Each structure stands twice: as C-alpha cells, then as structure tokens.
Amino acid sequence: MKILMMYCNTFAFVPAIKNLEEAPEAGQGKTYQNVLVAFIQAEEKDEDDPKGTEDKLLNVVKWGARKNESRHVILHSFAHLSESKASPAFTQELFNRSQQRMLKADWQCDQTPFGYFLDLQLDAPGVSQARIFKAF
C-alpha cells in the first residue's frame with residue numbers, strides 16, 4: 001500500500017468523470033475544513049492480508065491526522081502511486097471497513113466518490129507534517 005497524506009485547511013471535490021462502470025452515482029461535490037486527506041493506493045499484495053492491511057492503513061492515517069491536530073480523515077482512492085493495483089472491489093471494501101472502524105472509534109471519516117475522477121481543490125499549509133508519504 002502507498003499513502004500520500006495531505007493536511008488541508010480546505011479540501012473540496014466535484015465528481016468529474018466516472019471511470020468505473022459499476023460505481024454508483026456520485027451526487028454533488030463537498031467541501032471540508034481542517035482534514036487529513038489520504039490519497040491511497042491499495043496494491044495487489046494487500047489482498048493477501050486484508051485485516052493486516054486495514055490495521056496498517058488505520059494506524060498510519062490516524063497518526064498523520066494526530067500530527068496535524070485533526071480527527072477528521074478523508075479516504076481517497078488514488079491509483080497513481082504504484083504500478084501494482086488491488087482490485088477495485090477489494091479497495092472499496094477496504095475503505096468501507098476502515099471508515100466504519102474510524103467512526104466507531106469517534107473519529108470523523110469520509111470518502112470521496114469511488115470510481116470517479118474528481119475536480120479537486122485544496123489549500124494545504126506549508127509545514128512539513130502537512131505532507132506525509134508512507135509505503136508498506
């Protein structure tokens with residue numbers, strides 16, 4: 001798994017192009033304040049250990065959010081960090097399970113629409129902990 005995390009004062013998206021035929025309708029865009037956006041690429045090897053992958057993902061994004069004094073995380077599928085890709089079904093299920101676990105632990109957690117290219121707008125402060133890359 002590869003994760004690029006960006007802490008954003010403001011993060012906004014608008015669905016632009018549907019790139020997975022089976023993706024549900026995305027609806028309108030949204031805007032968030034003071035969030036850690038996790039650009040995540042699940043890789044093929046992650047499918048061998050779904051629970052371990054999920055645990056590592058949650059540990060990393062919570063750590064990144066705490067470094068930026070936030071308890072709000074946005075999960076965003078970003079299949080451009082590695083040549084290896086997990087299946088869309090695996091990635092979507094990973095995001096859904098991770099979101100549910102974060103919500104149960106009193107974190108705020110949202111997802112961008114899965115299966116879409118999005119128009120993004122972000123305002124990220126120029127501090128080192130606002131941009132973190134992790135690979136595992």
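The values are calculated or read from the model by the stated rules, or taken from the named source; none is laboratory data. Values in this document were obtained by computation on a predicted structure and should not be read as measured data. Using ideal geometry, Cβ is built from the backbone for each residue, glycine included, and neighbour counts are taken over all protein chains shown.
Of all residues being at pLDDT 95 or above and of a type in the set (Val, Ile, Thr) in region 1-40, which is nearest to Lys85 (Cα to Cα)? Just the residue, please.
Here the answer is Ile40.
Restricting to region 92-132, name every residue that is in a strand (DSSP E or B) and more than 11 Å from the chain's Cα centre (by Cα).
Let us first name the residues in region 92-132 that are in a strand (DSSP E or B), namely 108-111, 116-123, 131-132.
Listed by number, the residues that qualify are Gln108, Tyr116, Phe117, Leu118, Asp119, Leu120, Gln121, Leu122, Asp123, Arg131, Ile132.
Consider only pairs whose beta carbons are under 7 Å apart and that are at least six residues apart or on different chains; among these, list those whose first residue lies in region 112-126 and is free of Cβ contacts under 8 Å to residues at least 12 places away in the same chain and whose second residue is polar (S, T, N, Q) and surrounded by fewer than 17 Cβ atoms within 10 Å (Cβ to Cβ).
Pairs that qualify, where the first residue is free of Cβ contacts under 8 Å to residues at least 12 places away in the same chain and the partner is polar (S, T, N, Q) and surrounded by fewer than 17 Cβ atoms within 10 Å (Cβ to Cβ): there are none.
Here is a check on your reading of the model: is Glu69 acidic (Asp, Glu), surrounded by fewer than 17 Cβ atoms within 10 Å (Cβ to Cβ) and in a helix (DSSP H, G or I)?
Numbers: acidic (Asp, Glu): yes; surrounded by fewer than 17 Cβ atoms within 10 Å (Cβ to Cβ): yes; in a helix (DSSP H, G or I): no.
No, not satisfied.
Listed here are the residues, each with its yes/no results for (1) of a type outside the set (Gly, Ala, Ser); (2) more than 30 Å from Val127 (Cα to Cα); (3) touching a residue at least 60 places away in the same chain (Cβ under 8 Å); (4) surrounded by 20 or more Cβ atoms within 10 Å (Cβ to Cβ).
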residue	(1), (2), (3), (4)
Glu25	yes, yes, no, no
Gly29	no, no, yes, no
Glu44	yes, yes, no, no
Lys62	yes, no, no, no
Ser82	no, no, yes, no
Phe90	yes, yes, no, no
Leu103	yes, no, no, no
Trp107	yes, no, no, no
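Assess whether Lys51 counts as being exposed (fewer than 13 other Cβ atoms within 10 Å of the Cβ), assigned to a helix (DSSP H, G or I) and not aromatic (Phe, Trp, Tyr). Let's see the steps before the verdict.
Numbers: exposed (fewer than 13 other Cβ atoms within 10 Å of the Cβ): yes; assigned to a helix (DSSP H, G or I): yes; not aromatic (Phe, Trp, Tyr): yes.
Criteria met by Lys51.
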